[in-house]
Amino acid sequence: QDIVTASSWSAQDIGPSFDACDGSDQEAMKNCFETTITSSLQDYLNSQLPEANVQFEETVTITLKVDNEGFISISDAAISYALADALPEFEAILYEAVDLLPQAKPAIKSNVGAFVEIAFDLPIRILAQEQN
């Protein structure tokens with residue numbers, strides 16, 4: 001019970017961040033971190049994804065891991081067969097997009113004063129329309 005309590009995230013703990021997000025309060029830093037990741041991934045996917053061979057709309061949920069050195073990677077990606085069939089390059093392009101993210105400042109668990117690894121889910125909405 002004590003281990004579970006000690007390892008639970010608290011308001012005193014500091015989530016991962018980027019240098020550009022420094023100087024803000026906790027909520028602003030979190031929003032800046034999320035916005036930086038979201039816009040970077042969106043820009044890269046929009047520029048790299050080819051046209052799909054069918055029309056579809058799908059949400060892919062990926063689990064991103066920020067390790068105790070601030071490196072960001074995909075620990076899980078739930079890519080359906082339909083999406084893999086319509087956009088065979090999607091998974092490789094998604095991994096490239098995450099690899100291009102800048103190194104973050106790692107999360108800090110305040111009760112032990114150490115950098116920690118964290119993971120979070122990020123939904124990505126994919127919408128493909130047929131071209132006339």
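Just need the relative contact order of the chain here, percent rounded to a whole number, with Cα pairs under 8 Å and 6+ apart.
Values: 202 pairs, mean separation 46.0, N = 132.
After rounding, I find 35 percent.
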Residue-averaged [θ]222 nm for the chain, counting only DSSP H segments that reach four residues, each worth -39500 (n - 2.57): -10500 deg cm²/dmol
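How big is the dipole moment of the chain about its Cα centre under a simple scheme where the beta carbon of each Lys and Arg is +1, that of each Asp and Glu is -1, and everything else is neutral? Debye, nearest 20, please. Mind showing how you got there, number by number?
On the way: 5 positive and 22 negative charges, 66 e Å.
Computed about the Cα centre, the dipole is about 320 debye.
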field: Alpha carbon centroid spacing (whole Å) that separates the range 10-53 from the range 64-101
entry: 15
message: Can you give the log10 of the normalised intensity I(q)/I(0) at q = 0.23, 0.24 Å⁻¹, computed with Debye over equal Cα scatterers of the range 73-132?
response: -1.07, -1.13
- prompt: In nanometres, what is the gap between the two model label sites at residue 34 and residue 103, each 7 Å from Cα along Cα-to-Cβ?
  reply: 2.7
- request: Search the structure for amide H atoms under 5 Å from the amide H of residue 68, placed 1.01 Å from N in the peptide plane, and list their residues when 5 or more places away or on another chain.
  value: 117
- prompt: All other residues with a Cβ under 15 Å from the Cβ of residue 32 taken together, and with Lys, Arg as +1 and Asp, Glu as -1, what is their net charge?
  reply: -3
- prompt: Where in the chain lies the longest segment free of GluC sites (Glu not before Pro) that are both loop residues by DSSP (not H, G, I, E, B) and have at most 12 other Cβ atoms within 10 Å?
  reply: 1-50
statement: With R₀ set to 25 angstrom, the calculated FRET efficiency between the beta-carbons of residue 42 and residue 11, to the nearest 0.05, is 0.25
field: Entry for percent of Cα pairs over 18 Å apart (calculated from the structure that is shown) out of [x] 59; [y] 51; [z] 65
entry: [x]
- prompt: How far apart, in nm, are the 7 Å Cα→Cβ label points at residue 22 and residue 69?
  reply: 2.1
task: Keeping the other protein chains in place, figure out the carbon and sulfur percent of the accessible area of the range 25-80, with a 1.4 Å probe.
output: 44
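Loop only per DSSP, at most 13 neighbouring Cβ atoms within 10 Å: give me the chymotrypsin sites (Phe, Trp or Tyr not before Pro) in the range 4-102, ordered by residue number. Intermediate values should be presented prior to the final figure.
Values: sites: 9, 18, 33, 44, 56, 71, 81, 90, 95; in loops: 9, 18, 71.
Within the range 4-102, the qualifying chymotrypsin sites (Phe, Trp or Tyr not before Pro) (loop, at most 13 other Cβ atoms within 10 Å) are 9.
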Residue-by-residue Karplus 3J(HN,Hα) for the range 46-52, coefficients 6.51, -1.76, 1.60, Hz, glycine and proline x: 4, 7, 9, 6, x, 5, 7
Most positive-pole-ward Cα, 17, 46, 73, against dipole of the chain from beta carbon charges: 17
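The values are calculated or read from the model by the stated rules, or taken from the named source; none is laboratory data. Keep in mind it's a predicted model, so treat the numbers as computed, not measured. Because the Cβ atoms are built from the backbone with ideal geometry, glycine has one as well, and the counts that use them run over all protein chains shown. All accessible areas refer to the heavy atoms of the entire protein, side chains included, with ligands and DNA or RNA removed. Shrake-Rupley method; radii C 1.70, N 1.55, O 1.52, S 1.80 Å.
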